[in-house]
Amino acid sequence: MKQFQKTSELQSYLKSSGKSIGFVPTMGALHEGHLALIEASRSACDLTVCSIFVNPTQFNDPTDFDKYPVTLEADLEKLQEAGCDVVFYPSVSEMYPNGTADLKSYDLGFLETILEGKYRPGHFQGVCVVVDLLLQAVQPTKLYMGEKDYQQIAVVQKMLELTNSSVELVRCPTVRSAEGLALSSRNARLSEEQKVQALAIYKGFNLPSESAFKQSLLDNGFESIDYVACVDPQTLQEKPYGEKPCLILVAAFIGGVRLIDNKTLS
Ligand code: PAF
């Protein structure tokens, strides 16, 4: 597995390859969900590139950024085992040589005012900035992202349209533990007891109302809830709770850790 920290070196290596490139952007602390994206890329593309970069511009809460798990050595081992061809792990100054004060902005429309956009102001601008920069560096054929971050996929699709990109965005299903907890790098900050309590999210998707779902989360150790929402899976416009087909999305805090998840009901 080739490893690069400098964009220029990554680019000169990839330019000469002449191969189809699948790209998996990550913030590290890799788990089976990320490895499923690597696998999907490997099965469709000649070369798989993974980036590891904890992007400061997408954290609206500086404490969340400081506490984000960093496990580079273990991540590199997992990527090697998974058959990833190239890993790119730039520094903050490599990604943002002119600082982070004056960055490009994207007209994301209502996507930026709902759900994650509402509760994490600026978050999606930061995601678009970094994914746009990474795509310029990697120039992939296909981009692989997981449906756990459902709204992020819609935002990145919008960014690809705004930038007239020809990259194909491939969405991959959420990977869960055997009991149903959506895999997330943030789970590393949960105790074993909290991981069991957090299953209330998965069980809650079957409850008939938003209020029943919220009550169940609170009864199972969640200390606060940003939202439980029901939307159209295509447009993300709100619709009556549980009216199929629909997408139920949730964001809630347990042990100070913010978890998100979603499930399509069809
Ligand atoms: O989903 C993530 O891990 C991040 O938002 C991404 C897409 C790697 C951008 O930093």
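Among the residues of region 14-32, the ones that are over 14 Å from the mean Cα position of the chain (by Cα) and either surrounded by 15 or more Cβ atoms within 10 Å (Cβ to Cβ) or within 15 Å of the ligand (Cβ to nearest atom) (or both) come to 3 in all. Taking Pro56 as the residue in question, decide whether it is at pLDDT 95 or above and either charged (D, E, K, R) or within 17 Å of Val131 (Cβ to Cβ) (or both). When the stated conditions are applied, Pro56 passes them. Figure legend. Inter-residue proximity from region 172-201: first residues within 24 Å of Gly22 (Cα to Cα), second residues more than 16 Å from the ligand (Cβ to nearest atom), beta-carbon distance below 8 Å, spacing 6+ or different chains. Indicated pairs: Arg176/Tyr202; Ala182/Arg176; Ala182/Ile201; Ala182/Tyr202; Leu183/Arg176; Leu183/Ser177.
Residues of region 38-53 that are more than 16 Å from the ligand (Cβ to nearest atom) and not in a helix (DSSP H, G or I): Cys45, Asp46, Leu47.
Return a yes/no flag: does region 201-217 have any residue that is within 20 Å of Gly117 (Cα to Cα), crowded, with 17+ Cβ neighbours inside 10 Å and in contact with a Lys or Arg (Cβ under 8 Å, 6 or more places away or on another chain). The answer is no; no qualifying residue exists.
Please state which of the following conditions Gln11 fails to meet, knowing it meets all the rest: (1) in contact (Cβ under 8 Å) with a residue 12 or more places away in the chain; (2) closer than 20 Å to Glu147 by Cβ; (3) more than 10 Å from the ligand (Cβ to nearest atom); (4) not in a strand (DSSP E or B). Checking Gln11 against (1) in contact (Cβ under 8 Å) with a residue 12 or more places away in the chain; (2) closer than 20 Å to Glu147 by Cβ; (3) more than 10 Å from the ligand (Cβ to nearest atom); (4) not in a strand (DSSP E or B), the one that fails is (2).
Whenever a residue of region 143-159 is buried (at least 23 other Cβ atoms within 10 Å of the Cβ), its partners that are at pLDDT 95 or above and among the polar types (S, T, N, Q), lying with C-beta atoms within less than 7 angstrom and at least six residues away or across chains, give the pairs Tyr144/Ser41; Gly146/Thr174; Tyr150/Asn262.
When we screen Leu72, Leu35 for residues that are away from the ligand (no atom under 13 Å from the Cβ), under 17 Å from the mean Cα position of the chain (by Cα) and without any contact (Cβ under 8 Å) to a residue 60 or more places away in the chain, the only hit is Leu35.
One residue alone among Tyr144, Tyr119, Tyr106 is within 13 Å of the ligand (Cβ to nearest atom) and either at positive phi or not basic (Lys, Arg) (or both), and that residue is Tyr144. Where helices (runs of 4 or more DSSP H) sit wholly within region 89-169, those with at least 3 residues that are not aliphatic (A, V, I, L, M) occupy 115-119, 123-138, 150-162. Exactly one residue out of Asp232, Asp226, Asp219 is over 30 Å from Arg42 (Cα atoms), in contact with a Pro (Cβ under 9 Å, 6 or more places away or on another chain) and of a type in the set (D, E, K, R), and it is Asp232.
The values are calculated or read from the model by the stated rules, or taken from the named source; none is laboratory data. Since we're looking at a predicted model, the values are computed, not measured. All Cβ positions, even for glycine, are placed from backbone atoms using ideal geometry, and neighbour counts span all protein chains on display.
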